[in-house]
1. At what distance in nm do the modelled label points of ASP114 and ARG52 sit from each other, each positioned 7 Å from its Cα along Cα→Cβ?
2. Using a 1.4 angstrom probe on heavy atoms only, work out the carbon and sulfur share of the accessible area of region 1-119 in %.
3. Go through PRO116, GLY133, ASN143 and say which Cα lies farthest out towards the positive end of the charge dipole of region 41-145; charges sit on Cβ, +1 for Lys and Arg, -1 for Asp and Glu.
4. When the helix-only estimate is applied to the chain (DSSP H runs of n ≥ 4, each -39,500 (n - 2.57), divided by the residue count), what is the mean residue ellipticity at 222 nm, nearest 500 deg cm²/dmol?
5. I'd like to check one number: the per residue accessible area of the chain, probe 1.4 Å, reported in Å² as a whole number.
6. Where does each of ASP47, ASP65 land when they are ordered by accessible area, with a 1.4 Å probe and the largest first?
7. Explain nothing, just compute: Karplus ³J(HN,Hα) = 6.51 cos²θ - 1.76 cosθ + 1.60, θ = phi - 60°, for every residue of region 151-161 in order, whole Hz, x for Gly and Pro.
8. Excluding residues on the same chain fewer than 8 positions from LYS53, give the lysines whose Cα lies under 23 Å from its Cα.
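The values are calculated or read from the model by the stated rules, or taken from the named source; none is laboratory data. No experiment lies behind these values; they were computed from the predicted model shown. All Cβ positions, glycine included, derive from the backbone under ideal geometry; neighbour counts span all protein chains shown. Please note that ligands, DNA and RNA were not included when accessible areas were found on the heavy atoms of the full protein model with its side chains. Shrake-Rupley method; radii C 1.70, N 1.55, O 1.52, S 1.80 Å.
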Amino acid sequence: MNAPNSITVLRVLLVPIFVAFAYGHTRGSALAAFTVFIVASLSDFVDGYLARKYEIETRFGRFVDPLADKLLVGAALYVLVDTRGFPLWAAVVIAVREVAVQVLRTRIVATGRDLPASKTAKLKTIIQICMVGWWLLPWEELNPVHWIWLGAAIVATLYSGAEYFNGYRREVVARES
């Protein structure tokens with residue numbers, strides 16, 4: 001296993017640590033959960049950078065890296081809904097998009113092709129990470145910035161999901177023509 005893939009696996013292993021801190025119910029544990037979330041999120045950029053720089057991208061990495069992101073963000077959304085007043089509808093919208101794109105990615109990989117993350121999907125990930133990070137901080141109460149980040153994340157999530165499915169649909173139509 002190369003370094004980028006090892007970092008991706010480490011990100012998956014950080015998810016239960018994040019969840020344990022997130023349920024600690026103290027300001028210190030909330031800050032620890034935020035820190036673990038940010039470290040895990042930044043590791044996504046590090047593994048991608050290393051894979052591209054040293055030309056050691058693998059099918060494993062192209063498949064597992066986005067899955068690791070989804071596990072981390074999914075765990076964070078669960079915690080936020082359960083403990084911080086995050087709207088369930090927003091978590092469902094984000095989760096449905098993530099699952100749908102992962103199913104699409106799995107179907108494509110099963111045919112021997114790849115579905116790498118698009119630039120829009122990478123931007124969506126950055127916006128989701130910023131939004132989740134903001135919501136994870138131990139604020140005394142929700143403020144307008146919470147809702148601005150949430151709105152941006154929902155728009156980016158829906159737009160990038162539509163982009164994936166439209167691209168897949170165009171590819172299928174082109175193959176059938």
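1. 1.2
2. Looking at region 1-119 in its full context, I get 71 percent from C and S.
3. So the residue furthest toward the plus end is PRO116.
4. Details: 6 runs with 146 residues, N = 177.
The per-residue figure over the chain is -29000 deg cm²/dmol.
5. Details: 9540 Å² over 177 residues.
Accessible surface, normalised per residue, equals 54 Å².
6. Details: ASP47 5, ASP65 30 Å².
Sorted by accessible area, descending: ASP65, ASP47.
7. x, 4, 5, 5, 4, 5, 5, 5, 5, 5, x
8. The reachable lysines, counting only those whose Cα sits under 23 Å from LYS53, are LYS119, LYS122, LYS124.
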